[in-house]
Amino acid sequence: MGKRVILVGCGNMGYAMLRGWLDTGKLAPGDLTVVEPNEALRERSDGHGVKAVESVDAVDGADLVIFAVKPQVMRSVLPAYRRFAENAAFCSVAAGIGVAVFTDILGPQAAVIRCMPNTPAAIGKGMMVTFSNEHVTAETETFVQDLLSASGKVATVDDESLMDAVTAVSGSGPAYVFHFIECLTDAAEKAGLPSETARLLATQTVYGAACLTRESGEDPGKLREQVTSPNGTTAAALDVLMGDGRLRELMSEAVTAAKKRSVELGS
């Protein structure tokens, strides 16, 4: 018999994780119970053969409870799960909610894993970073990381304060890349390309470059050098982007601002 998993919330992120677990065989439908007050969202869970209930009152027990609800409702949701704290571990994918919030409500001995995902997790291309408190066993940590891997890559940090930097880089990072694609598309249109072609070139170029970086294992700086011929077109463009460290400094400022805001939201 597999571990008994409760998924609390089956919105976009919760449903994406559910499909990933079932599609990869990491969980069987019988291992999972969804707690979701919204009837329409419960019905799509039912469509996968997963038991879906309106309230946790209908659930007898669990080994792992995964919270995929909005941060602003987390404190009101948690008390109903305190009765599982003796035997279950808890994992949250809600941004900005620290481990202390869970132990304050669920009890000081609660085993809590905090996860920061990002939106590409919805298509199995995400980046998830976890922090576990001292009550989480190695077995549970491994099990949770395996589940999360259905949604993309998984990394860990051993200092919870680093989660603010994680939020600023991978949590918010997709928005930075989306804006870069917007800007490259605009530049392509100004250079004379039709809108549809401009967007295709910008999007596929970013996608291909990211794939090459990951699959080659090469340092991105080295890959940049391989593309850049002396006095060529790429060199001319990089003189603008890299001159006086312009882009490097801008990205550093952006990540610092996001990290600062993450700290403020979590306090």
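Condition check ((1) hydrophobic (A, V, I, L, M, F, W, C); (2) surrounded by 17 or more Cβ atoms within 10 Å (Cβ to Cβ); (3) modelled with pLDDT of 90 or more) across all residues:
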residue	(1), (2), (3)
I6	yes, yes, yes
M13	yes, yes, no
A28	yes, no, yes
D31	no, yes, yes
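With respect to F143, is the statement that it is under 27 Å from F178 (Cβ atoms) and open to solvent by 10 Å² or more (accessible area, probe 1.4 Å) true? Give the derivation first.
Working: under 27 Å from F178 (Cβ atoms): no; open to solvent by 10 Å² or more (accessible area, probe 1.4 Å): yes.
Answer is no for this residue.
Check D104, D46, D23 and return the single one that is touching a residue at least 40 places away in the same chain (Cβ under 8 Å) and surrounded by fewer than 16 Cβ atoms within 10 Å (Cβ to Cβ).
On the way: D104 fails: touching a residue at least 40 places away in the same chain (Cβ under 8 Å); D46 fails: touching a residue at least 40 places away in the same chain (Cβ under 8 Å).
Residue meeting the stated conditions: D23.
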TODO: Give me the pairs, please: first residue somewhere in region 231-254 and more than 18 Å from Y176 (Cβ to Cβ), second residue anywhere and among the basic types (K, R) and open to solvent by 100 Å² or more (accessible area, probe 1.4 Å), beta-carbon distance under 6 Å, and either six or more positions apart or on two chains.
DONE: none
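Yes/no matrix, rows are residues, columns are (1) of a type in the set (V, I, T); (2) under 23 Å from the mean Cα position of the chain (by Cα); (3) surrounded by 15 or more Cβ atoms within 10 Å (Cβ to Cβ):
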position	(1), (2), (3)
V157	yes, yes, yes
E160	no, yes, yes
V169	yes, yes, yes
V177	yes, yes, no
T185	yes, no, yes
Q204	no, yes, no
V227	yes, no, no
R261	no, yes, yes
- [ ] Please state which one of V112, V77 is open to solvent by less than 10 Å² (accessible area, probe 1.4 Å), of a type in the set (V, I, T) and not in a loop (DSSP other than H, G, I, E, B).
- [x] V112
Task: Residue within region 240-253 that is under 30 Å from V99 (Cβ atoms), open to solvent by 90 Å² or more (accessible area, probe 1.4 Å) and not in a helix (DSSP H, G or I) present - done: no
- [ ] Kindly establish whether G208 is open to solvent by less than 70 Å² (accessible area, probe 1.4 Å) and more than 17 Å from L241 (Cα to Cα).
- [x] yes
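For the subset of region 188-202 comprising residues that are part of a helix (DSSP H, G or I) and open to solvent by 50 Å² or more (accessible area, probe 1.4 Å), which member is farthest from A121 (Cα to Cα)? Even if it seems obvious, please write down each step before you answer.
So in region 188-202, the residues part of a helix (DSSP H, G or I) come out as 188-190, 195-202.
Still in the running and open to solvent by 50 Å² or more (accessible area, probe 1.4 Å): 189-190, 195-197, 199-201.
Working: E189: 30, K190: 33, S195: 28, E196: 26, T197: 27, R199: 23, L200: 22, L201: 24 Å.
Per the stated criteria, the residue is K190.
For residues that are assigned to a helix (DSSP H, G or I) and either of a type in the set (V, I, T) or in contact (Cβ under 8 Å) with a residue 40 or more places away in the chain (or both), tally how many sit in region 120-147.
Narrowing region 120-147 to residues assigned to a helix (DSSP H, G or I): 120-123, 138-147.
Narrowing further to those that are either of a type in the set (V, I, T) or in contact (Cβ under 8 Å) with a residue 40 or more places away in the chain (or both): 120-123, 140, 142-144, 146-147.
Count: 10.
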Task: Residues that are open to solvent by 30 Å² or more (accessible area, probe 1.4 Å) and in contact with a helix residue (DSSP H, G or I) (Cβ under 7 Å, 6 or more places away or on another chain), drawn from region 125-140 - done: M127
Task: Among (1) assigned to a loop (DSSP other than H, G, I, E, B); (2) buried (at least 18 other Cβ atoms within 10 Å of the Cβ); (3) in contact with a Gly (Cβ under 8 Å, 6 or more places away or on another chain), the one test that A94 misses - done: (3)
TODO: Considering only region 59-74, state which residues are open to solvent by 40 Å² or more (accessible area, probe 1.4 Å), touching a residue at least 12 places away in the same chain (Cβ under 8 Å) and within 15 Å of G9 (Cα to Cα).
DONE: K70, P71
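Kindly indicate the residue of region 235-257 that is of a type outside the set (V, I, T) and in contact with a helix residue (DSSP H, G or I) (Cβ under 7 Å, 6 or more places away or on another chain) and also farthest from A187 (Cα to Cα) among those meeting that condition. Let's see the steps before the verdict.
So in region 235-257, the residues of a type outside the set (V, I, T) come out as 235-239, 241-254, 257.
If we keep only those that are in contact with a helix residue (DSSP H, G or I) (Cβ under 7 Å, 6 or more places away or on another chain) too, we end up with 241, 247, 254.
Numbers: L241: 14, L247: 16, A254: 21 Å.
Result: A254.
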Open item on the list: Give all pairs with beta carbons closer than 6 Å in which a residue from region 184-195 that is charged (D, E, K, R) meets a residue that is in a helix (DSSP H, G or I) and surrounded by 15 or more Cβ atoms within 10 Å (Cβ to Cβ); count only pairs at least 6 apart in sequence or on separate chains.
Closed with: E189/A198
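The values are calculated or read from the model by the stated rules, or taken from the named source; none is laboratory data. Quick caveat, the model's predicted, so the values are computed rather than measured. Don't worry about glycine lacking a Cβ; one is built from the backbone with ideal geometry, like all the others, and counts go over all protein chains shown. Calculation scope for accessible area: heavy atoms of the full protein, side chains included, ligands and nucleic acids excluded. Shrake-Rupley method; radii C 1.70, N 1.55, O 1.52, S 1.80 Å.
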